[in-house]
Structures are given as C-alpha cells and as structure tokens.
1. Give a residue-ordered list of calculated ³J(HN,Hα) values for the range 40-57 (Karplus: 6.51 cos²θ - 1.76 cosθ + 1.60, θ = phi - 60°; whole Hz; x for Gly, Pro).
2. Sort largest first and round to whole Å: the equivalent ellipsoid semi-axes of the range 14-82, each the square root of five times a Cα gyration tensor eigenvalue.
3. Calculate the spin-label point distance for Glu71 paired with Glu51, positioning each point 7 Å from the Cα along the beta-carbon direction, and give it in nanometres.
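Please treat every number below as a calculation from the coordinates, not as lab data. A quick note: this is a predicted structure, and the numbers were derived from the prediction, not measured. When we count neighbours, we look across all protein chains shown, and the Cβ atoms used for this are built from the backbone with ideal geometry, even at glycine.
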Amino acid sequence: MSTEFSTSVKVDPEAQSLWHEVATASDEVAAIVDRIPGLTVTGVETRNELERAAALLQAVAAILRRTERREGARYATVNRSILGPDPIA
C-alpha cells in the first residue's frame with residue numbers, strides 16, 4: 001500500500017506580485033539607508049525624518065512578522081509533505 005502526498009501548492013498570482021513589490025521596496029529602502037552617512041547625520045529635520053521612518057518601518061516589520069508566521073507555517077507543512085516525515089533525531 002502506498003501513500004500519496006499532494007505536492008501541488010496553490011498559486012496566488014496577486015499575492016506573489018505583492019510579495020515582489022514588497023521585496024523591491026525593501027531593497028530600495030535598504031539601498032537608500034546605506035547611502036545615508038549614519039556616523040555624521042545631524043539636524044532637526046533629519047532627526048524628524050529618521051524618527052518617522054523608524055516608526056513606519058517598525059509598523060511594516062510587525063505586519064510582515066504576521067505574514068511570515070502564517071506563510072512560514074504553511075510552507076513547513078507543504079515542505080514536510082514533499083520530503084516525507086521529519087527525521088528522528
């Protein structure tokens with residue numbers, strides 16, 4: 001008797017497109033931050049902008065943590081079904 005595992009993953013093109021947008025924006029933000037000379041930043045305007053940016057990025061991180069937990073758990077289930085049972089340590 002053989003056991004069959006479903007290896008097909010439901011594809012959501014809109015979610016994949018949005019993931020790509022998030023990844024692209026994240027790369028752009030990282031590049032911008034890399035171009036700001038962190039050791040010499042100064043001034044009220046700069047502090048205000050950095051404070052606002054930090055708050056927004058912290059909010060984004062909280063949103064993406066929820067997505068990561070949900071999607072990571074889903075991937076782990078699919079990945080286990082493809083690879084078979086977890087090895088016994």
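1. With coefficients 6.51, -1.76 and 1.60, one gets 10, 5, 7, x, 4, 4, 5, 4, 4, 5, 5, 5, 5, 5, 4, 5, 5, 5 Hz.
2. Equivalent ellipsoid of the range 14-82: 33, 13, 11 Å, largest first.
3. Each label point lies 7 Å from its Cα, and together they span 3.3 nm.
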